[in-house]
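Comments concern the structure below.
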Amino acid sequence: MKNITILLAASLFSGSLYSATCVPAHDYYPFEGKWVTTNDNGDIDLGMYARISPDGKYVLRSFSGKGLSNVTLMELQKGEKNKVVPFETPLKNEAFPVQGSWRYLVDINGDHYKVSDIISKQKKASKQFKGGITGFYTVAAEMNGSTTANHKIRSLSWPTDSAQTNQGVGVLSNRVIAASVSSKGEVSLNDKGSINYMCSNLRSTDGQIMSLPMISMDASEFASMPQNPRGSEPSMRVFKFGADNKSCEKVTDLKVAVSKVTFSTPEQGMLLFYASGSMGNTGNGVYFFDRKVNKLFTLDDEAKRVHADSFPGFTSDGRIVYGAKWQDCDENNKCTDKAGYVVSDPYQSNDIAQFKKLNPELAKNFKECVTDEDIKASSDTQKEVWSYKL
């Protein structure tokens, strides 16, 4: 790690300085112990899908392996020896969090659970309410202006048929619901909203039928791949929700065909995805697109020979968390295979460092690193959300 000196805004007149510490470029959390199972190939099960909490402390993992519940909440415990501790849940299939706040974890039938209940009661946790879009492939995020007392949640779905087996059988749809938490911590669903079928205004350009939707942290945008775009190849694109909750405005075309894209905070302005086998023989399989400089970057740690093995996600402070396999090697180059989760600082990536050298003006768009102060602020905010107190 390295030290950087930051002038606090509150100390401008006193001229006082304090030193903040960059987080490690890569931090490793091996998944070990009695919960670990292997798949048919002998590899440790890391789950098929993953969602990352805003503070980077938890991974919501689907299809967790035969040793655990179908969906688990994996805690990344930092210490002298980092480790992963799973919490079992009553959730099923590809359950999902409410992005941005992570105020609730949501089952595919629309049941919303408090994160604190999942941690304390695990599979015995009770739902708070049922609402939003339901189905196998659904995502959700809390909308701007939401508070504990009153919050709006937009859910977005790639539709399935009535048997919940065939995906992509219709247009995308979304629903906005409203909920509140009382002074006693009791949750109420105040507005069930209505289903909005989307993107009919794009029929003559991108096409209305889209796949693999993911929603931004503030619920203002979504990423999806048009299945039959006019005059171009299918590629992952970012769209803005219209004011009517039905129309769609194209914002960015990544010009790559990938399975899922996740969003950073709007202030960070990045998009993130996983590409199995890597693209162009660079990186470890995790790629992030910076919207300010319109460029794709990779993550890598050659010393550990890292290979990403699950979908990554951003924390609210800017770190990237992903499941991976790697090797721990001693001074004699004797290596031990490991699997678990990696927490990386994209600002310290070799790819960004090289870009900054070649583009000094554009380099001003990037901070030097994520600091321990950034992480503390993120953690404090999340603790407040999960207290469910007004």
*Residues within segment 322-357 that are touching a Cys at 6+ places or on another chain (Cβ under 7 Å) and among the hydrophobic types (A, V, I, L, M, F, W, C), tallied*: 2
*Within segment 282-309, which residues are over 21 Å from the mean Cα position of the chain (by Cα), at pLDDT below 90 and under 29 Å from Phe239 (Cβ atoms)?*
Thr282
*Go through Lys130, Lys123 for me and flag whichever is modelled with pLDDT of 95 or more, touching a Leu at 6+ places or on another chain (Cβ under 8 Å) and of a type in the set (Lys, Arg).*
Lys130
*Of all residues in segment 67-100, how many are surrounded by fewer than 23 Cβ atoms within 10 Å (Cβ to Cβ), modelled with pLDDT of 95 or more and polar (S, T, N, Q)?*
2
*Would you call Lys383 modelled with pLDDT of 95 or more and out of contact with any Pro (no Cβ under 9 Å at 6 or more places or on another chain)?*
yes
*Unmet requirement for Thr315, which otherwise passes all of (1) more than 15 Å from the chain's Cα centre (by Cα); (2) under 18 Å from Tyr29 (Cβ atoms)*: (1)
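I'm trying to understand the selection: among the residues of segment 309-340, which are part of a strand (DSSP E or B) and either of a type in the set (Asp, Glu) or closer than 15 Å to Val261 by Cβ (or both)?
Gly313, Phe314, Ile320, Tyr322, Asp328, Asp337, listed by residue number.
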*When segment 270-281 is examined, which residues are found to be out of contact with any Pro (no Cβ under 6 Å at 6 or more places or on another chain) and either at pLDDT 95 or above or farther than 16 Å from Phe222 by Cβ (or both)?*
Met270, Leu271, Ala275, Ser276, Gly277, Ser278, Met279, Gly280, Asn281
*Of all residues in segment 11-51, which are touching a Ser or Thr at 6+ places or on another chain (Cβ under 6 Å), at pLDDT 80 or above and closer than 18 Å to Ser69 by Cα?*
Tyr49, Ala50
*Does Gly33 count as touching a strand residue (DSSP E or B) at 6+ places or on another chain (Cβ under 7 Å) and part of a loop (DSSP other than H, G, I, E, B)?*
no
*Is at least one residue of segment 346-360 closer than 21 Å to Arg51 by Cα, not in a helix (DSSP H, G or I) and not hydroxyl-bearing (Ser, Thr, Tyr)?*
no
_Selected residue (only one of Asn332, Asn284 is surrounded by fewer than 15 Cβ atoms within 10 Å (Cβ to Cβ) and polar (S, T, N, Q))_ = Asn332
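Search segment 196-231 for residues being out of contact with any strand residue (DSSP E or B) (no Cβ under 8 Å at 6 or more places or on another chain) and farther than 18 Å from Tyr137 by Cα, and hand back the single one that is surrounded by the most Cβ atoms within 10 Å (Cβ to Cβ).
So, considering only residues that are out of contact with any strand residue (DSSP E or B) (no Cβ under 8 Å at 6 or more places or on another chain) and farther than 18 Å from Tyr137 by Cα, the one surrounded by the most Cβ atoms within 10 Å (Cβ to Cβ) is Pro229.
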*Residue list for segment 112-126, filter: of a type in the set (S, T, N, Q) and loosely packed, with under 14 Cβ neighbours inside 10 Å*: Ser120, Ser126
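Name the one entry in Ser211, Ser204, Ser259 that is more than 27 Å from Ser310 (Cα to Cα) and of a type in the set (Ser, Thr, Tyr).
Ser204
Kindly evaluate Ser316 against the criterion of being touching a Leu at 6+ places or on another chain (Cβ under 8 Å), farther than 24 Å from Asp253 by Cβ and in contact (Cβ under 8 Å) with a residue 12 or more places away in the chain. Show your work before the answer.
Numbers: touching a Leu at 6+ places or on another chain (Cβ under 8 Å): no; farther than 24 Å from Asp253 by Cβ: yes; in contact (Cβ under 8 Å) with a residue 12 or more places away in the chain: yes.
Here the answer is no, as Ser316 does not meet what is asked.
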_Tally up the residues in segment 232-277 that are surrounded by fewer than 17 Cβ atoms within 10 Å (Cβ to Cβ), of a type in the set (S, T, N, Q) and more than 21 Å from the chain's Cα centre (by Cα), please._
2
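The values are calculated or read from the model by the stated rules, or taken from the named source; none is laboratory data. All figures in this text were calculated on a predicted structure; none of them were measured in a lab. Quick reminder, even Gly has a Cβ in these numbers, built from the backbone with ideal geometry, and neighbours come from all protein chains shown.
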